[in-house]
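Take a look at the structure set out below.
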Amino acid sequence: MRQILWVIIIVSICYQCATVGSLGGGPRDERAPQLDTLYSTPNMLTNFTVQDITLAFDEWIKLENVFTQIVISPPIEPLPEFKIQKKSVVIEFEEGTELRENATYTINFGEAVKDLTESNPAEDLRFVFSTGDFIDSLTVSGTVRDLMEGEAVEDALVMLYDNLADSVVRTERPFYFARTDESGSYQIQNVRADTFKVFVLKEDIGNYLYDSDLEFIGFPDSLLVLDTQSVQNYDFIIFQEEPDLFLQRTDTTAYGLANLIFNKKPRDLDFQYEAIFDELYFNYESDSLRLWYDITDSVGQFIVRQDTLMSDTLILTSARRAAFLASASLGLLTPKSSIRQNPVRPLALTFQRPLATIDSTLINVYADTTKTPANARHEIDTTNIRNLRVRVAWQEMIPYEVVILPNAITDIYGIRNQDTIQQAVTVQSSEDFGSLILTVTDLDSTQQYVVKVGTSGAPPIGEFVVSDVSEWQQTFTAIPTGKYEVEIVSDHNRNGRWDTGSYQLRTKAEPIFSQTLEQLRPSWDLEAEVKLQTPNE
């Protein structure tokens, strides 16, 4: 009986002990792991030689994202191995690792070291050592922003080189570097007093080398001279260099049309061709060049060039010409059941191929359901000869019909429309549109600018070259409602377009300033003033 009583007492005590604390109780641990200096390798060592480094902490820890979070400056090759041993991080150097003489090394851990339970990262964890007699103490800091959007750039490399050759950014890893954080800020600490080449790189591969024209770069106008000033600030704007133009592919499956597709929008092309071509018409569309041709001899050679950088030859034949002429018809490129027409603009009807002549007597425009003839003028658009422009004093909210009788339109191959083309047109109300009176001020009267006005995702409503004035104004009438953006390029080389920079030529990308205007509402005249703000270059 006494034994049973003791068992009951022991079970009762164990039960009470087990239920004292609740499994879900207590505040969340938000304390970062703390370095235990007593059991860690001393920081700020001088005359350092290759040896294992131990960083002990006051709680169990883990390592995450070692290759992206941990940054060693100057770089060490091969990269040391980072291991967890109980509550410590151990840095083991590979056999044969050589360190630079009289150099201060910094190992920035970022957020790689975290506690095991709540993943709280160790704060501002850095280990610094010098292979010389003292620790370098200068600091370079600043921000990196993107040229096109003006936004902060995260994970960009700001790199310092003691080799001052221009080619060093393509051939060597930097002497010092730092990565920007999410706010675009960087800080390179423990830098020695010296002269450095500075280069900023947002890379794709992760090899610290500028080896792709898809990467973003930035650089100052001069070398960086660090002396006794403890902190120096430098802000950078990064951009992509213009890649060399090349022809990606050519489509000549249809007779009379060669479609040349490039890696980017082609510009400044030169053409060379033989006199045997009866017709030639060029039309740029985005990253393509459409070449409309007619050739009656068997073979013709067409050469397209851009300076000395690109040269491609097309061999065009007349082998399929007879079959093409026998079967081809002429009509609208994309027929629509009805076109919504701006009340103050000419109507543009786009045909399958470039036009040569029109017979206006065979083109009629009828108003309303009564088929009342409207006074109209017709012409081939000189800026795009596939377009027939129809000018009418449009009456709002009245339906129109354009009737193009057979043989009214002739293309460059002598092919005419054989069928009657009927196109319905609905004229929109002027209340669906507004007007914009735009004034740009604070321009430098000694400079040239390119001003572009448009809405997101749509072709611009205007692009203008403005030079040698301090103020410029333009009025846009009967334009669609919406939010318009004004983009202003500082056209330093006065070629009428935006140009990016070149590391080889040591030129910066031309600055771009943009501003979104107030919403343009229906039947509203919006007066907008844009003050040019000179961006950092």
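The values are calculated or read from the model by the stated rules, or taken from the named source; none is laboratory data. All values reported here derive from a predicted model rather than from experimental measurement. Note: ideal-geometry Cβ built from the backbone for every residue, glycine included; neighbour counts use all protein chains shown. To get the accessible areas, we keep the full protein, side chains included, count just its heavy atoms, and leave off ligands, DNA and RNA. Shrake-Rupley method; radii C 1.70, N 1.55, O 1.52, S 1.80 Å.
Summary table below
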| item | result |
| --- | --- |
| Any hit, the stretch 442-455, residues being modelled with pLDDT of 95 or more, outside any strand (DSSP E or B) and within 30 Å of R521 (Cα to Cα) | yes |
| Where I107 falls short, out of the listed (1) open to solvent by 10 Å² or more (accessible area, probe 1.4 Å); (2) out of contact with any helix residue (DSSP H, G or I) (no Cβ under 7 Å at 6 or more places or on another chain) | (1) |
| In the stretch 219-255, residue surrounded by the most Cβ atoms within 10 Å (Cβ to Cβ) [restricted to those that are more than 23 Å from the chain's Cα centre (by Cα) and within 30 Å of Q306 (Cβ to Cβ)] | Y255 |
| Checking V440 against (1) more than 21 Å from the chain's Cα centre (by Cα); (2) farther than 30 Å from P399 by Cα; (3) free of Cβ contacts under 8 Å to residues at least 24 places away in the same chain, the condition it does not meet | (3) |
| Residue in the stretch 288-301 that is open to solvent by 60 Å² or more (accessible area, probe 1.4 Å) and touching a Phe, Trp or Tyr at 6+ places or on another chain (Cβ under 6 Å) present | no |
| Output for the stretch 461-492, where each listed residue is surrounded by fewer than 14 Cβ atoms within 10 Å (Cβ to Cβ) and either among the acidic types (D, E) or without any contact (Cβ under 8 Å) to a residue 12 or more places away in the chain (or both) | D468, E471 |
| Near pairs, Cβ below 6 angstrom, 6+ apart or cross-chain, from the stretch 395-411 (within 20 Å of D359 (Cα to Cα)) to any residue that is of a type in the set (D, E, K, R) and open to solvent by 20 Å² or more (accessible area, probe 1.4 Å) | N407/R416; A408/D359; T410/R416; D411/R353 |
| Total residues in the stretch 156-175, condition modelled with pLDDT of 90 or more and buried (at least 17 other Cβ atoms within 10 Å of the Cβ) | 9 |
| Selection status of R145, touching an Asp or Glu at 6+ places or on another chain (Cβ under 8 Å), of a type outside the set (A, V, I, L, M, F, W, C) and in a strand (DSSP E or B) | yes |
| Members of the stretch 479-537 found to be touching a helix residue (DSSP H, G or I) at 6+ places or on another chain (Cβ under 8 Å) and part of a strand (DSSP E or B), listed by number | P480 |
| Residue ID - farthest from V198 (Cα to Cα), chosen from residues in the stretch 132-154 that are under 13 Å from the mean Cα position of the chain (by Cα) and among the charged types (D, E, K, R) | E149 |
| Condition broken by F129, with the remaining ones in (1) within 21 Å of I91 (Cβ to Cβ); (2) at pLDDT 95 or above; (3) open to solvent by 30 Å² or more (accessible area, probe 1.4 Å) satisfied | (3) |
| Out of A275, A319, A326, sole residue that is under 30 Å from I421 (Cα atoms), open to solvent by 20 Å² or more (accessible area, probe 1.4 Å), of a type in the set (G, A, S) and not in a strand (DSSP E or B) | A326 |
| Test: residue in the stretch 332-346 that is open to solvent by less than 70 Å² (accessible area, probe 1.4 Å), touching a Gly at 6+ places or on another chain (Cβ under 7 Å), more than 16 Å from N384 (Cα to Cα) and assigned to a strand (DSSP E or B) | no |
| Boolean, V191 is under 22 Å from R126 (Cβ atoms), buried (at least 20 other Cβ atoms within 10 Å of the Cβ), touching a residue at least 40 places away in the same chain (Cβ under 8 Å) and out of contact with any helix residue (DSSP H, G or I) (no Cβ under 9 Å at 6 or more places or on another chain) | yes |
| Within the stretch 52-71, tally of residues that are open to solvent by less than 30 Å² (accessible area, probe 1.4 Å) and modelled with pLDDT of 90 or more | 5 |
| Options Q306, Q395; residue that is open to solvent by less than 80 Å² (accessible area, probe 1.4 Å) and among the polar types (S, T, N, Q) | Q306 |
| Residue satisfying all of: in the stretch 133-155; small (G, A, S) and modelled with pLDDT of 95 or more; nearest to A509 (Cα to Cα) among these | A152 |
| Residue tally, condition assigned to a loop (DSSP other than H, G, I, E, B), touching a Phe, Trp or Tyr at 6+ places or on another chain (Cβ under 8 Å) and open to solvent by 50 Å² or more (accessible area, probe 1.4 Å), over the stretch 256-272 | 1 |
| Restricting the stretch 380-402 to residues that are over 39 Å from the mean Cα position of the chain (by Cα) and part of a strand (DSSP E or B), the residue that is farthest from L280 (Cα to Cα) | P399 |
